Amino acid sequence: MMKKRIVTIFVILVFVLTACAPDAGKPLPDAEKTPVMSVNVMLPGGALPDRGYRPPETPERCYTDPVSGLIPSGDYGRIWPYLGGYVAGQYVSPREYIGICDESGRVICDPVYNEAKLVEKDGRGFYIFIKSNLRAINRNANPSQYDDRSEITLATTDGSYVETFEYLLWEERRPFEYSTVFDENGYAYTYEWRRPVSYDYITAWRDGKWGVLDWDGSVLLPFKYLEPVCFHEGLAAVLSEDERNYSFIDIKGKTVLGPYDAPPRLKDSWLEVSGREIPSTDRILFIDGYAKFYEAGKFGIIDSTGEIIIPAEYDYISCISDGIAMFANYTYRGDNKPVVELIGIVNDSGNVIVEPAEYTYYNRPVNEDGCAVLYPSSIELKQKVDSDGNKTPYEIDKYYYSFMNNYIFLDAEGNEKRLPTADFSIDELNDELLIVFDKTAETWRLYDYALNPLSPENPGLYATWPLIRGKAEYFFIMEPAAAGNSRYLCRIYGLDGRQMLEGSYYTIIPIGDKFMVRGNMSAGLVDKNGSYIIEVSMAEYNAD
């Protein structure tokens, strides 16, 4: 009886639901039309575009399958690097990945490299492509968070020669020279006395040993040396097998001068050869016909014939540059740690032209066209000492300084112009140009060192991060970030104040007469007019 009641209720329920549903054969009534309100939508970067975003067309490929390294071939024509992806994560800085294309924009190699440099020497051009295993980019991070082993590819600009090494050196990045004495924090004293130099040849590291390459990629000296073999003015210092001394060799590998005592290897937090100790022969180069040598724990200077010009009697001595060198000796306390650094200047005849004295790190003498410029505490006492030891008051042709919350500029007559440091920031582009940023108005302008304007006032935020102080070839200006976006677009300008590349991008990397760029939705390689040679969709990868 109960089962019959349940079946009856179920049948009635199905009948009611069926009655409520529209007939299957009848069309549904039209939806009620709602009027659409037209509005002008404005974004921080302007009005919405007339069309939706269309990703760039997939570029043509030389090889069907993905390519994880440049394949040598004589059929490419001119090759170019391009930006093709980047990593962005919580614990690493944004890091682009670089691929390689030909002149027409055809993909030759997929984005696998972290850096690309164009190096030109004696009319010959090479690319250096760097594939790094860095997991974290912050060099101040715990060393366990990064792995400095790299793979560096050397290639001709037509891609016909391609060779991979573990490390390459072809120039000095900064001309830092190291003392063998450590400060109270455990770091070697460092000095900067001269301009950086480019080496005569490329020195390369493979399978734990260093060799020497010519600029056409041919091997000049085999991979058998313990340290980088950096030729300059025809000679290079090489460490002996027992690491107790070094000698100077020519490009045939023949010993020309030496042996001399090998300075101790140093450990420091900033290394030219990434992830390794500073070599014993680091910065032992012939410059202006002179080189330093080490004997019984002290440094001296020899000439290219091996004659001793300055005896080995200094804790540190720089290379002679423009006829003068800086030297330093240290006094010690009971625990054998230096407490006083005494710096002097000696000329290429071995005569001391500036007696040793104590200076602060920021007040050390500098080399200005073969004259030592001394910075006493009073600006009025600033002096210039020539290579013969003649002292003259320093003529102020370009100088500014910060004092009492103001930037103070002095012209040749000593007249002052002031800018409040709270409202302005200043950086040196080169020996003739300053860039001044008005923090309040968010504008920038180029000036000379007497604060005479050299360009119109332009909107934008000055970006100092890519600038090598005093040696800029270009500079970047950032646009204020849009609301809710922490990233800045930037533009690139030449030293004449003109924009070098049309448009704004998150990343701009000059390479030859072109630019690798990363925009909001695409990246690639563009010419100076901003026209894409190769354009790819911007892919963001997880850092892990």
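Data for the structure
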{"quantity": "Residue in the stretch 93-113 that is at pLDDT 90 or above, within 30 Å of His232 (Cα to Cα) and part of a strand (DSSP E or B) present", "calculated": "yes"}
{"quantity": "Any pair with Cβ under 9 angstrom, 6 or more apart, that starts in the stretch 519-544 at a residue that is at pLDDT 90 or above and ends at one that is among the basic types (Lys, Arg) and not in a strand (DSSP E or B)", "calculated": "Ile534/Arg106"}
{"quantity": "Residues of the stretch 487-511 satisfying the condition of being modelled with pLDDT of 90 or more and within 17 Å of the chain's Cα centre (by Cα)", "calculated": "Ile492, Ile508, Ile509, Pro510, Ile511"}
{"quantity": "Pair list, Cβ < 6 Å and 6+ apart or interchain, from the stretch 138-165 residues that are farther than 12 Å from Ile71 by Cα and of a type in the set (D, E, K, R) to residues that are surrounded by fewer than 15 Cβ atoms within 10 Å (Cβ to Cβ) and modelled with pLDDT of 55 or more", "calculated": "Asp147/Asn133; Arg149/Asn133"}
{"quantity": "Check on Ser240, modelled with pLDDT of 95 or more and in contact with a Pro (Cβ under 9 Å, 6 or more places away or on another chain)", "calculated": "no"}
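Here is a yes/no grid of residues against (1) modelled with pLDDT of 90 or more; (2) in a strand (DSSP E or B); (3) closer than 30 Å to Ser160 by Cβ; (4) out of contact with any Pro (no Cβ under 9 Å at 6 or more places or on another chain):
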position: Val181; (1), (2), (3), (4): no, yes, no, no
position: Thr203; (1), (2), (3), (4): yes, yes, yes, no
position: Trp270; (1), (2), (3), (4): no, no, no, yes
position: Val273; (1), (2), (3), (4): no, no, yes, no
position: Asp282; (1), (2), (3), (4): no, no, no, no
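The values are calculated or read from the model by the stated rules, or taken from the named source; none is laboratory data. Computed from a predicted model, the values in this text were never measured in an experiment. Glycine gets a Cβ as well: all are built from the backbone with ideal geometry, and neighbour counts include every protein chain shown.
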